[in-house]
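Student: Okay, here's the structure, questions in a sec.
Quick note: the coordinates plus some simple rules give every number you see, no bench work behind them. Quick caveat, the model's predicted, so the values are computed rather than measured. Methodologically, a virtual Cβ is constructed for each residue, glycine included, from the backbone with ideal geometry; neighbour enumeration extends over all protein chains shown.
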Amino acid sequence: MIKAILNRFLVWQRNHIGSHTFIILASIAVGTVSALAAVLLKTFVHLMHRIPDYFFSLSNTRIWYIILPLCGIILTVLFVKIFLKGKLEKGLGSILFSISRGSSKVDKSKMYSHVVTSGLTIGLGGSAGLEAPIVITGSAIGSNIGKMLQLGYKERTLLLACGAASGIAAVFNSPIAGMIFAIEVLLTDVSIGMFIPLLISTATAIIVSKSLYSGQLFYLITNQWYYHAIPFYILLGVLCGFISVYMTRVTLFMEEFFEKRKGTYSRAIIGGLLLGVMIFIFPPLFGEGYTTITSLFHGDYTALLGKSIFSSFMTSPWVLLIVTIAIVLIKVIATSITLGSGGNGGIFAPSLFTGSLTGFGFSFLVNTLGISTLHISNFVAVGMAGIMSGVVHAPLTAIFLIAEITGGYVLFVPLMIVSAISFFISRYFEPYSIYTKKLVQKGQLFTADKDTNILMQLQLNELIEIEFVPLQDTSKFRDVIDAFTTSQRNIFPVVDKENNFVGIIDLVNIKELMFKPEVFEQMTVFDVTTTGVLTIDKNENVVSAMRKFESSGRWNLPVINEGKYVGVISWSNILSYYRRILKRSASFF
């Protein structure tokens, strides 16, 4: 019934509504639904926060810092196990993969799964952020609305980006940052026409979000910044760059470490307990950490020591600095344990948290040593942008996000200085962001090279031809003649008795022998086989296969799987598929 109504609507749309107008209307729908998802997530987390508040009101003991995050991770694991059949792709890498290799089709379950799992994890104290889950949720909403409206790949990708941008905009009340995030992180091929749907989508999300869940995330009270502080902003940018490299490498290392660990529940319990112990020692690691950032903006620096084992050292600036440095270094480990042990969340908020403490620690040290007098809250805000720029490799997003969420547009120049320096240092040591490094290593990510992006949309399995007649290496040469009479091809793969690939026979190389009947029984297939032929592994991507075609100069290359012959891929077949993809991917705008 619903499908029939939808089909009628689509027929009516094609006759009465222009394609451009229809995309604008679809972007409004995506922005609305994504904003509702963001409000639902924020509300859910707010309600979950009441549980820790209740237990802390019953007994003001730090033991809850161990118990509650453990419970959040276990509940998340149980939800994934029971309702999602044990499958939950975390991080923006899955969305980037969907764009480059999955035709921008995102599973429907992601429209709700990340809302529930991240809410359980972070609401009970997991040391991660809500931003990646809402980006995934918004992307899934945009992708599935595009699929429902029977849009093509390009338009579906645009709506996916609208959903992601709307999610960021609704969570942070920052429409410009949301749009720039979609362009910097998700979209590699951007046309001017794409800006309009993105702007309208994020604007719609802001309207819906503010009407249902008002309030600013942070309030930065600052009127100006001073030119004498420029050298210190430059030094902060350098520091943020190196800390960003540290965060990226530790996160990826911990991710690989947990991937090798077996036992879902044991991993959740052990990881949850380790996380709990870290939070027990350093309470600011509890949850997203936005409360701590707010305290730093308000000048309440002792919040870093309150409710901790260091609370008796409130008046010691050096203990405060040591604790700050420890939290900066440990936060990324706490986040990695949260995610690796089974919880859900993202690195977005931890980047902002770490950046705020980096800016605070740096400026507080300068002031304590009497080197200069710096406005600490300014450095807290700018440090947030510096770490985010270095970790996510999105300097423009970092600049506009911090300016929007803090109201600190007066800090635009310091934001640009620190973000740019951090980005360049981070990119020098880590050419790819925390989201893209593993995908690049696997050849699964879009790049600025449009030809490569199109080739990456091709699936190697779709290109394999099995019409070629394989010959056994021990057979007589006569079998080549027989195969020639039945095959439409001029090359023949040669295999042994166990189907292991041996080489190929090219008719061009044996045409003289074909007219010498006396050798038909004397020679074997192997005698005329060309060995050492370049092959393509079945698990390779098409980009890698094209490089082999170019280096070998051949028109056909055999495909093998663990040494076994599978089939043949031809250059002409790849070009044929390339043209189809190119036509399908032609820009709508």
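Student: Using the count of nearby Cβ atoms within 10 Å as a rough guide to exposure, how do F379, F400, F195 rank from fewest to most?
Tutor: With the sparsest Cβ surroundings first, the list reads F195, F400, F379.
Student: For each pair in K260/K437; K85/K438; K260/K538; K42/K438; K81/K110; K42/K108, compute the distance between the two Cα atoms and list the pairs where it is over 23 Å.
Tutor: The pairs that break the limit, which is 23 Å between Cα atoms, are K85/K438; K260/K538; K42/K438.
Student: Right, next: Taking the structure as given and computing Rg and Dmax of the Cα atoms in Å, which label from (i) 28.8, 102; (ii) 25.5, 86; (iii) 24.5, 73 fits?
Tutor: Entry (i).
Student: Shifting gears a bit: Provide W225, W571 in ascending order of the number of other Cβ atoms located within 10 Å of each residue's Cβ, fewest first.
Tutor: So the ranking, lowest neighbour count to highest, is W571, W225.
Student: Over all directions, average the projected area of the Cα convex hull of the stretch 227-441 and note it in nm².
Tutor: So the Cα hull casts an average projection of 11.7 nm².
Student: Could you work out [θ]222 nm for the chain from helices alone, using -39500 (n - 2.57) per DSSP H run of at least four and dividing by all its residues? Round to the nearest 500 deg cm²/dmol.
Tutor: -20500 deg cm²/dmol
Student: Pairs of Cα atoms under 8 Å, at least six residues apart: use those to get the relative contact order of the chain, whole percent.
Tutor: The value is 16 percent.
Student: Taking a cut-off of 13 Å between Cα atoms, list the aspartates and glutamates near K87, but don't count ones fewer than 8 places away on the same chain.
Tutor: D107
Student: With the dipole of the stretch 157-294 worked out from charges on the C-beta (+1 for Lys and Arg, -1 for Asp and Glu) around the Cα centre, which of V208, L186, F253 lies farthest toward the positive end?
Tutor: Sorting the options by dipole projection puts first F253.
Student: Which percent, to the nearest 5, of DSSP beta bridges fully inside the chain are antiparallel?
Tutor: DSSP beta bridges in the chain are roughly 80 percent antiparallel.
Student: Another one. Need the full-extension length gain, L575 to I325, defined as separation in residues times 0.36 nm minus the C-alpha distance. One decimal, nm.
Tutor: 84.5 nm
Student: Same structure again: Could you estimate the translational diffusion coefficient of the stretch 2-212 from the Stokes-Einstein equation, with Rh from the Kirkwood formula over C-alpha pairs, at 20 °C and 1.002 mPa s, in whole µm²/s?
Tutor: 120
Student: Among 115-127, 174-186, 302-314, 385-397, what's the highest-first ranking by average C-beta atoms within 10 angstrom per residue?
Tutor: Per-residue Cβ counts within 10 Å, averaged per peptide and sorted highest first, yield 385-397, 115-127, 174-186, 302-314.
Student: With the dipole of the chain worked out from charges on the C-beta (+1 for Lys and Arg, -1 for Asp and Glu) around the Cα centre, which of Y565, F83, T368 lies farthest toward the positive end?
Tutor: The residue sitting most towards the positive pole is F83.
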